[in-house]
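One structure below.
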Amino acid sequence: MTSDLFDSVPDTGPAREHMAEGAVLLRGHARPLENELIAALHDIVAQAPFRRMVTPGGHQMSVAMTNCGPLGWTTDSSGYRYVQNDPETGKPWPAMPPAFAQLAERAAAAAGFNEFAPDACLINCYEPGARMSLHQDRDEQDFDKPIVSVSLGLPAIFLFGGLKRSDKTRRFRLAHGDVVVWGGPSRLFFHGVAPLADGEHVLLGRQRINLTFRRAR
Ligand code: SIN
Ligand code: FE2
């Protein structure tokens, strides 16, 4: 049972790192579910393939993206927004797999945010060299729910700053199975990902997958 798997992962001690007020890194938190998560990911990508979206400013992102859940984050020349249908296929985004929703809810609870029910899961695919510049997650209707971010595959350097773009950023290495939760006072902190170093992950090959769970509406 999933709950037994979760219970085998300590959420105190070295597995848990305080990043800022409201922000915590839960090391290895998703590892017990890695096979379920990866199998579900393959099904999602078969229905809603990864694509490199274009920012409102006209830049093609280096990270390829797709979504699952009732709402999916998208960007194009007319802006950033959440939509119910995949603009590429015209069909609803694939359903959020139960293992995804349960992981997000339990990670949020472990970080002190109860009753997190995400309605959006953005799935980011980084190949070596791909990066995400500093930004805030602010396309959601309100900011009272946290962000839950799950890392799978190759390790990455996550940059975590403050409320101002110019605030100093700290670097956290995110490895396969790590989960970052940020909310409350750090919900709008700037964050990004440094260019992905090349490597080969035993389960996912030459890539990093990030699942970002949010309550959009
Ligand atoms: C994001 O901020 O959308 C992605 C964060 C990550 O890939 O770790
Ligand atoms: Fe983000």
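The values are calculated or read from the model by the stated rules, or taken from the named source; none is laboratory data. None of the values given here were measured: they were computed from a predicted structure. Glycine gets a Cβ as well: all are built from the backbone with ideal geometry, and neighbour counts include every protein chain shown.
Checking the conditions here, which among 178, 167, 198 is within 17 Å of the chain's Cα centre (by Cα) and more than 14 Å from ligand 2 (Cβ to nearest atom)?
Just one listed residue meets the conditions, 178.
Looking at 50, 100 in this structure, which one is under 30 Å from residue 16 (Cβ atoms) and touching a residue at least 40 places away in the same chain (Cβ under 8 Å)?
That would be 100, the only listed residue that is under 30 Å from residue 16 (Cβ atoms) and touching a residue at least 40 places away in the same chain (Cβ under 8 Å).
Condition (residue is surrounded by fewer than 16 Cβ atoms within 10 Å (Cβ to Cβ), part of a strand (DSSP E or B) and within 14 Å of ligand 2 (Cβ to nearest atom)) applied to the stretch 184-195: is it met by at least one residue?
yes
Going by the conditions given, is residue 43 modelled with pLDDT under 95 and of a type in the set (Asp, Glu)?
Judged against the criteria, residue 43 is not a match.
Among the listed residues 118, 70, 92, which satisfies the condition of being in contact (Cβ under 8 Å) with a residue 24 or more places away in the chain and over 26 Å from residue 174 (Cα atoms)?
None of the others qualify; the one that does is 70.
Write out, first by first residue and then by second, each pair whose Cβ atoms fall under 7 Å of each other, whose residues are 6+ apart or on separate chains, and whose first residue, in the stretch 190-202, is within 12 Å of ligand 1 (Cβ to nearest atom) while the second is among the polar types (S, T, N, Q) and assigned to a strand (DSSP E or B).
What qualifies is 192/133.
Of the conditions (1) in contact with a helix residue (DSSP H, G or I) (Cβ under 8 Å, 6 or more places away or on another chain); (2) under 16 Å from residue 207 (Cβ atoms), residue 114 satisfies every one except a single condition; which number is it?
If we test residue 114 against (1) in contact with a helix residue (DSSP H, G or I) (Cβ under 8 Å, 6 or more places away or on another chain); (2) under 16 Å from residue 207 (Cβ atoms), just (2) comes out false.
Give the residue that is nearest to ligand 2 (Cβ to nearest atom), with candidates limited to residues of the stretch 147-164 that are more than 15 Å from residue 18 (Cα to Cα) and in a loop (DSSP other than H, G, I, E, B).
Among those that are more than 15 Å from residue 18 (Cα to Cα) and in a loop (DSSP other than H, G, I, E, B), it is 163.
What's the total number of residues in the stretch 105-140 that are farther than 27 Å from residue 47 by Cα and either more than 14 Å from ligand 1 (Cβ to nearest atom) or assigned to a helix (DSSP H, G or I) (or both)?
Result for the stretch 105-140: 8.
Could you grab me the full set of residues in the stretch 201-217 that are within 16 Å of ligand 2 (Cβ to nearest atom), within 23 Å of residue 31 (Cβ to Cβ) and out of contact with any helix residue (DSSP H, G or I) (no Cβ under 8 Å at 6 or more places or on another chain)?
208, 210, 212, 214
How many residues are closer than 21 Å to residue 61 by Cα and among the hydroxyl-bearing types (Ser, Thr, Tyr) when one looks only at the stretch 166-217?
Residues meeting the conditions: 1.
For the stretch 73-80, indicate whether the set of residues that are among the hydroxyl-bearing types (Ser, Thr, Tyr), part of a loop (DSSP other than H, G, I, E, B), in contact (Cβ under 8 Å) with a residue 24 or more places away in the chain and within 16 Å of ligand 1 (Cβ to nearest atom) is non-empty.
no
So is residue 172 touching a His at 6+ places or on another chain (Cβ under 8 Å), in a strand (DSSP E or B) and not β-branched (Val, Ile, Thr) or not? It would help to see each step written out before you state the result.
On the way: touching a His at 6+ places or on another chain (Cβ under 8 Å): no; in a strand (DSSP E or B): yes; not β-branched (Val, Ile, Thr): yes.
Answer is no for this residue.
Is there a residue in the stretch 121-129 that is within 16 Å of ligand 2 (Cβ to nearest atom), farther than 18 Å from residue 208 by Cβ and touching a residue at least 60 places away in the same chain (Cβ under 8 Å)?
Taking the stretch 121-129 and keeping what is within 16 Å of ligand 2 (Cβ to nearest atom), we get 121-126.
Keeping just the survivors that are farther than 18 Å from residue 208 by Cβ gives none.
Within the stretch 121-129, not a single residue is within 16 Å of ligand 2 (Cβ to nearest atom), farther than 18 Å from residue 208 by Cβ and touching a residue at least 60 places away in the same chain (Cβ under 8 Å).
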